[in-house]
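Below: one structure, written as structure tokens.
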Amino acid sequence: MFKIADKKVLNSAVTSLTVEAPFIAKKAKAGQFVIVRIDEKGERIPLTVSDFDPETGTVTLVIQAVGFTTKKLSAMNKGDFLADVVGPLGLPTEFGSPKKAIVIGGGVGCAIAYPQAKALHNMGADVTVIAGFRSKDIVILEEEMKAVSDRLFITTDDGSYGEKGLVTDVLRRLLDDGGYDLVIAIGPVIMMKFVSLTSKPYGVKTLVSLNPIMIDGTGMCGGCRVRVGGETKFACVDGPDFDGHLVDFDELMRRNSLFREEEAHACRLEEKVNG
């Protein structure tokens, strides 16, 4: 059993849970994830480790309430227990030795971008963070990202906060200035696709963290397969980070849409059964 040590509501749909998991906290690195199960009858869901503290033995998970299980998980409180938290899974991010990096988060993807920026900041790199949201009311982790970056740009689609526009608008402006040797993008697939298309002409290494449908987290089910450089990869064991200039984003979006239609149907059935 894994005790929830703290809970924070980040916005109307996103919650942060800090969970006591000392062995995971000791081993976790930026880019990795865990598989969580609420109880013995619950489904297994992958969640990226947004933060970890080996000294307190805790890991922080950020949950967006979109389906039956994530809504149930978001409703849990400090002092409650999770049946299973398995990990860390996936490969840690291989940063290399960048001197000047841009880390981009889109929406709840900022929860994954944050540990990437933190790791680069701790390595001594010059870090610029671009965080994109639809509107001001769903902005998350602003202070946390500001603390681990040299510059923070926030964009909103409607202009209600920060700069009006897309993360790629800021990215293009920064790359025009030059000097950057790494771009990391985490968020909706369509955002990562256009970040990669934007950075490619500049020849800047670009990593994306892929979030296809994942069940077991060990490469057995094949649900998380993606095409990278013409080869089939499994996000759970070969990733989740991949070279954004080699990912077949169009195929990934097609696969995600098919699985999510089935997932939505399953959620409706489960909600009906559980009242």
**Asked** Before we move on, is V66 within 30 Å of K136 (Cβ to Cβ) and in the same structural domain as L166 (by TED's automatic domain parsing)?
**Response** no
**Fill in**
In the stretch 221-249, residues that are of a type in the set (F, W, Y) and farther than 18 Å from G96 by Cβ total 2
**Message:** Suppose we filter V226, V247 for residues that are β-branched (V, I, T), buried (at least 16 other Cβ atoms within 10 Å of the Cβ) and modelled with pLDDT of 90 or more; which single one remains?
**Reply:** V247
**Message:** Quick check on my filter: what residues within the stretch 1-52 are among the aliphatic types (A, V, I, L, M) and under 17 Å from S209 (Cα atoms)?
**Reply:** A28, A30, V34, I35, I45, L47, V49
**Request:** Tell me, yes or no, whether the stretch 72-80 has at least one residue that is part of a loop (DSSP other than H, G, I, E, B) and of a type in the set (K, R).
**Result:** yes
**Request:** Output the number of residues of the stretch 175-203 satisfying the condition of being touching a strand residue (DSSP E or B) at 6+ places or on another chain (Cβ under 6 Å) and either in the same structural domain as H245 (by TED's automatic domain parsing) or buried (at least 20 other Cβ atoms within 10 Å of the Cβ) (or both).
**Result:** 12
**Asked** Would you say A119 is surrounded by fewer than 22 Cβ atoms within 10 Å (Cβ to Cβ), within 18 Å of the chain's Cα centre (by Cα) and closer than 22 Å to L207 by Cβ?
**Response** yes
**Prompt:** If the Cβ limit is 6 Å and pairs must be 6+ apart or interchain, which residue in the stretch 136-147 that is within 13 Å of A111 (Cα to Cα) and in the same structural domain as D158 (by TED's automatic domain parsing) pairs with which residue that is buried (at least 20 other Cβ atoms within 10 Å of the Cβ) and of a type in the set (F, W, Y)?
**Reply:** V139/F133; L141/Y114; E144/Y114; M145/Y114
**Request:** Only strands (runs of 3 or more DSSP E) wholly contained in the stretch 158-243 count here; list those with 1 or more residues that are over 28 Å from H121 (Cα atoms) and of a type in the set (G, A, S).
**Result:** none
**Search result, residues across the stretch 135-151 that are of a type outside the set (D, E, K, R) and within 13 Å of K118 (Cβ to Cβ)** = L141, M145, A147, V148, S149
**Message:** For the structure I just gave you, tell me whether T58 is touching a Lys or Arg at 6+ places or on another chain (Cβ under 8 Å) and at negative phi.
**Reply:** no
**Request:** Considering only residues that are in contact with a Lys or Arg (Cβ under 9 Å, 6 or more places away or on another chain) and buried (at least 23 other Cβ atoms within 10 Å of the Cβ), look in the stretch 31-51 and name the one that is nearest to D137 (Cα to Cα).
**Result:** V49
**Complete:** Counting only residues that are within 19 Å of L141 (Cβ to Cβ) and free of Cβ contacts under 8 Å to residues at least 40 places away in the same chain, the stretch 3-24 contains a total of 2
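The values are calculated or read from the model by the stated rules, or taken from the named source; none is laboratory data. The structure presented is a predicted model; accordingly, all values stated were derived computationally and were not measured. Ideal geometry is used to build each Cβ from the backbone, glycine not excepted, and the neighbour counts take in all protein chains shown.
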